[in-house]
Every structure is written in C-alpha cells, then in structure tokens.
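Down below is the structure, laid out as structure tokens.
The values are calculated or read from the model by the stated rules, or taken from the named source; none is laboratory data. Bear in mind that the values here come from a model prediction, so they are computed numbers and not experimental data. Every residue, glycine among them, receives a Cβ derived from its backbone with ideal geometry; neighbour counts consider all protein chains shown.
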Amino acid sequence: MELRIREGRAVLAGPGGGSAREVDPHSLAIGSDLAQALHEWARVASAVGAARPGDSGDPDSGDTGTEAVSVVSQRGRQLAQRVAATMGTSVRFVDPVSGEGVIVDPPTPAPRSELARRLFGTPDPAGEPTPWLTGLTISAFVAAVVVVAMLALANTLARETSGWLALLASAVVTAGIAPSLWLARRVPIVRWASFGAAAGIVIAWIGVLVVVF
C-alpha cells in the first residue's frame, strides 16, 4: 500500500500506484481526524511542490523552499506512521517532492504473556489508550453490585431455609454467570464490567462461606 498525493488529495494506492483510493474514513479503516490531517498535508505539499526552490529571483527563497520541503516530508512520514498503525499494515510513503519511497511498518505491540493473552484477549487497537480510570470505576461499581446481590441471596436462604441451600444457590449462580464473563473479557468496554463481576463473585464467596458456616 502506498501513500501518495494526486490532484492535491491524499490517496492510498496499491503497489506501483494502481487501484488508488482517496483517503476517506467511510471507505477506509481510519478516523476522520487522520483523514482530514492527510488531506491538509496533501494541499500543503502540492503548494510547496508548485513553488520549488529556484523559481523565484529572491536569494533567500532557496533556503525557505528547502525548509518547507523538509517539513512536508517529515509531516508525511509521521502521517504514514499513523496510517500504518491504524490499519495494521506496512505503508510505502512516496515523498511528493522528491518522489522517493520509504517503507513504514506498523508499530510492534508490546509482548504479552500467554496467560495475559488468554485472560484479557488481544491488546487495544493501535493508537487507542486503555481507559484505566473509567474502566476501573465501572469494574468497582459492578463488583459492589454483585457482592451485595450474592450476599443478600445467601443470607436470605440461610436464614429462611438452610445454609447448604444457600451454598448450593451461590454455586449455581456462579456456574451460570461464569461462561458469559469468560466470553465478555475480550469485548472492549464490556470487559470492564466482566472483570468487576468476576472480582465481585470472588469477594462474595468469602461472605457466603462466613454466612453458611
């Protein structure tokens, strides 16, 4: 995949420039902010390319033009890195001024242990930070709800019937909800509620054992 400029617009083309598609968040897996940044860069690069150093009689124009070309090239490489990270594939950045091509590879995700991968699924998509504060808040709230609900159930059954029935009911609730929590651990946003529910069940079982015995 190549990042090029055509008629003042940023396009992503196949090898050799074929099958070019204009950068559009509706047809490509990129955000609107990145698409807008690419087109703004393309307009600036086209303007710089139209006013190459040496076109003017001003002796200072050469230095200014060289600096502008350098800025355009650097900005293009930065955007190519963002495209590669967002789409998870290598991008060949074609400098709009010099015509030179540079291969930009997507960033390598930090290694995760096999246990962490099985428990928490794949890492967050590139460029998307983990919402620790919001996620842990949701987890804490869900954990509190689960603890209160399970202890209320166990306490009521132990008082009205027997402790063994309360223990059996808690085991049935745990076995029934466990598969859903295991599957939800890989779903963004929902996984935080899953983590909280799992922690709540573990904590609630301590109270259930105290109530029963």
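May I ask you to verify whether residue 197 is within 12 Å of residue 208 (Cα to Cα) and of a type outside the set (Val, Ile, Thr)? For residue 197, the condition - within 12 Å of residue 208 (Cα to Cα) and of a type outside the set (Val, Ile, Thr) - is not met. Among helices (runs of 4 or more DSSP H) entirely within the stretch 29-138, having at least 3 residues that are modelled with pLDDT of 65 or more singles out 32-50, 61-87. Among the residues of the stretch 147-184, the ones that are in contact with a Gly (Cβ under 9 Å, 6 or more places away or on another chain) and exposed (fewer than 15 other Cβ atoms within 10 Å of the Cβ) come to 2 in all. Among the residues of the stretch 151-201, count how many are within 28 Å of residue 132 (Cβ to Cβ) and outside any helix (DSSP H, G or I). Here the count works out to 5.
Determine whether the stretch 205-213 contains at least one residue that is outside any helix (DSSP H, G or I) and surrounded by fewer than 14 Cβ atoms within 10 Å (Cβ to Cβ). Talk me through it step by step, then tell me what you get.
Within the stretch 205-213, the first condition is being outside any helix (DSSP H, G or I), and the residues that meet it are 213.
Narrowing the set further to residues that are surrounded by fewer than 14 Cβ atoms within 10 Å (Cβ to Cβ) leaves 213.
Yes, the conditions are met somewhere in the stretch 205-213.
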